[in-house]
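See structure below.
The values are calculated or read from the model by the stated rules, or taken from the named source; none is laboratory data. Keep in mind that this is a model prediction, so the values were computed, not measured. Cβ sites come from the backbone with ideal geometry, for glycine too, and all protein chains shown count toward neighbours. Protein only, heavy atoms only, side chains kept; ligands, DNA and RNA dropped before computing areas. Shrake-Rupley method; radii C 1.70, N 1.55, O 1.52, S 1.80 Å.
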Amino acid sequence: MYTVHHVLSGQPFDGSAHGEGAITNPATGAVIGTVPFADAATVDAVVERAAAAAEIWGATSLSKRTEVLFAFRHLLLQRAEELVDVISTEHGKVRSDAHGELARGLENVEYACGLVEHLKGSFSAEVASGVDVHSSSRPLGVVVGITPFNFPAMVPLWMAANAIAAGNAFVLKPSEKDPSAAVILASIWREAGLPDGVFSVVHGDAATVQHLLAHDDVAAVSFVGSTPIAKSIYETGTKAGKRVQALGGAKNHMVVLPDADLDLAADAAVSAAYGSTGERCMAISVVVAVDPVGDALVEKLASRTAALVTGPASDPATQMGPLISAVHRTSVLGHVDAAVAAGATAVVDGRSILVPGHEEGFFVGPCLLDHVTTEMSAYDAEVFGPVLVVVRVPTFDAALALINANPYGNGTAIFTRDGGAARAFNDRVEVGMVGINVPIPVPVSSYSFGGWKDSLFGSHHIYGPEGFAFYTRTKVTTTRWPDPATSSVDLGFPRTR
Ligand code: NAD
C-alpha cells in the first residue's frame, strides 16, 4: 500500500484533505494505494506558490525555457519504463499501449521545444506616418489541467508542455484513479531544471476541482474527460471569468463503403475498437456498414475479434487489459445486455470471460454486436469499453446522416478506394478529426486536437498551434517617436491616413 502525495514547490506535500480515494489494480481488483482529496486550504497553498513561480518563469528567457524543455524530453525517454510500470499497474493497459501513449505525449514536448518560433510576434513598420506596430504573446499566469484516467501521462503532456513553454505555471489535477504518473512527471520536470512551483500536482475529486475553478489566481483551465463534466467545467469556469477549453466524450463511427478493401477495414476496425480495451476517446465504437458490405465485413470482424487475448498487462501475451473499475465493468456489461435483449446479435460475446488467476479483475472480453439500432444504449451512450457495434445502412448518404445526427463529433473514419467519396465525406461530416483509411486520426503535435459538438466546449482545440494560442494572450503595441516640435492637441479619433 502506498499513499500518493501532492507536489508543491517540486517537493512531496501532504496538505490537508476532505477525504481520500482508493487506488485499485484493475487486473486484480486489489486496493494498492490511497490518494488524498485536497481541500480548499491545500488548493490555496498550491495555487499561491504557482502564482509566485509564474511571475519569475514568465520573465525567464526563451532560450532558458527551451533548455528546460529539451532536458525534459531527454529525461522523459530515460524514465519511460518507470512511467510505463505505474500506468500499466494503475490503469491496466498493456505495456506496448503505455509506451504508445508516452510516444504521443513526447511529440507534444518536441513541439513545445520550438517555443521560440511559436511565441514569435509580428511587426509592421509605418502603419501610419512614423508609426510602427508589433504584437507579442504573453503568458496567462497560473493555468490548471484536469485530466482523465485513460491517458495518465499523455493528456497531461498535451497541456503542460505548451503551457510551460509559453511561460505559465501549470497545476495538474490528475485522475484520482491512476494518479502516480503525474507525480513522476513532476519529478522529471524538477530534474530537468524547471524552477520549483512552475509544475505542481494537486490530487482530488469533484470538490477539489471546484476549489480550483473558484480560485482568483487561476487564469485558465484545460479539461479532458467525459461530456457532462466537460460541460459543467466550461460553464462554471467561464462564469468565474476564466479561459476554459473542455474536451468531452465521443462516439466515433467508421464507415465502410462497398468498394473498400474489407481485410484492411476489418484489421483497422478491430485495432481501433479494442485497443486499450476501448477506453480511448478516439476508439472506433461504431462500424457503419454500407450495403451490401455487412455480412462479409462482420465475418471478417468476428474472426479477428474472437482471436484477441484478454488478460493482465503483466502477461506479455495480453492484447487487451481490464477495465478501470468494477463500477465501469458493470456499466459496460449493462449496455451489452440491453442491446442483446433488444434484438442485437452478439457475434462475439466476451461478457462472461474469466482470466485464470485474476478472477477479481475488472475484465470484459471483446464484444461484437451486429444489427444494432440507434435506439439501443450500446449505440447511444459512450460505452467506453471493448464493445464494437455494427449498424447497417443502405447508402453513403445514410451513413453520413447517422454520424451528423449524433451529438458527439470527436473522430470519424471512412474506408474506401474512392477518392471522390472520401473527399465528399470529409467536406460534409460534422466531426473535428477525420481519418481517410485511418481509423484513429489523432493529429500530430503540429496540428491541434479537438472534436466538434458535445466533444468540446470552448473555442480552442488542445495542443499544437491552438495550444499556444490558448495559453497566451496577445499584446499589440503601437509606437511612434515624434518630433516634440510638431506636437499639438487633437481630439479627433486617431487616423492612419
Ligand atoms: P471524468 O469526466 O469522470 O473525469 C475527468 C476528470 O474530472 C478527473 O480528473 C476527475 O477527477 C474529474 N471529475 C470527475 N467528476 C467531476 C465533477 N463532478 N466535477 C469536477 N471534476 C470532476 O472522465 P474519466 O472517466 O476520467 O475519463 C474518461 C472520459 O474522458 C471519456 O468520456 C473519454 O471520452 C474522455 N476523454 C476525452 C478525450 C478527448 O480528448 N476528447 C481524451 C481522453 C478522454
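Could you tell me how many degrees, from 0 to 90 and to the nearest 10, lie between the Cα long axis of helix 227-239 and the main elongation axis, the longest principal axis, of the Cα atoms of the chain? It works out to around 20 degrees.
Shown in residue order for region 188-196 are the 3J(HN,Hα) couplings computed by the Karplus curve 6.51 cos²θ - 1.76 cosθ + 1.60 at θ = phi - 60°: 5, 4, 5, 4, 6, x, 5, x, 4 Hz (x for Gly and Pro). What the Cα atoms of region 252-436 give is an Rg and a Dmax of 15.9, 52 Å. One compactness figure for region 1-91 is 1.38, namely its Cα radius of gyration divided by 2.2 N^0.38 Å.
Sorting 302-311, 166-175 by their mean Cβ neighbour count within 10 Å, with the most densely packed peptide first, gives 166-175, 302-311.
Treating r as the C-beta distance of Ala405 and Glu299 and R0 as 25 Å, the FRET efficiency rounds to 0.35.
Note on the chain: dipole from Cβ charges, positive end direction compared against Val293, Gly249, Ile87; the farthest Cα belongs to Gly249. Legend: Rg and Dmax of region 114-235, from Cα coordinates, 17.4, 61 Å. Shown in residue order for region 96-101 are the 3J(HN,Hα) couplings computed by the Karplus curve 6.51 cos²θ - 1.76 cosθ + 1.60 at θ = phi - 60°: 5, 6, 5, 5, x, 5 Hz (x for Gly and Pro).
Average projected area of the Cα convex hull of region 159-214, in nm²? Result: 4.0 nm². The residue list Gly237, Ala214, Thr479 was ranked by how far each Cα lies along the charge dipole of the chain toward its positive end, using unit charges on Cβ atoms, and Thr479 comes out on top. Each peptide in 351-363, 47-59, 203-215 receives the mean, over its residues, of other Cβ atoms within 10 Å, and ordering these scores from highest gives 203-215, 47-59, 351-363. Label positions at Lys120 and Val327, each projected 7 Å from the Cα along the C-beta direction, are separated by 4.9 nm. Solvent exposure of region 121-172 amounts to 25 Å² per residue of accessible area, where only protein heavy atoms count and the probe is 1.4 Å.
Split the accessible area of region 252-436 by element, probe 1.4 Å, and carbon with sulfur accounts for 53%. About the centre of its Cα atoms, the chain shows a dipole size close to 1180 debye [charges on the beta carbon of Lys, Arg (+1) and Asp, Glu (-1) only; nearest 20 debye]. Here the extension length gained between Arg480 and Ala398 equals 23.5 nm, from 0.36 nm per residue of separation less the Cα-Cα distance. The orientation-averaged projection of the convex hull spanning the C-alpha atoms of the chain amounts to 26.8 square nanometres. Taking a label point 7 Å from the Cα of Ser459 along the Cα→Cβ vector, which residues of region 222-265 have an amide N closer than 15 Å to it? The answer is 238-239, 241-246. Label sites at Ala214 and Asp291, each approximated as a point 7 angstrom past Cα along Cα to Cβ, lie 5.8 nm apart.
What region 244-400 shows is 35 Å² of accessible area per residue, with the surface traced by a 1.4 Å probe over protein heavy atoms.
For region 379-426, the C-alpha radius of gyration sits at 1.26 times the compact-globule guess of 2.2 N^0.38 Å, with N the residue count.
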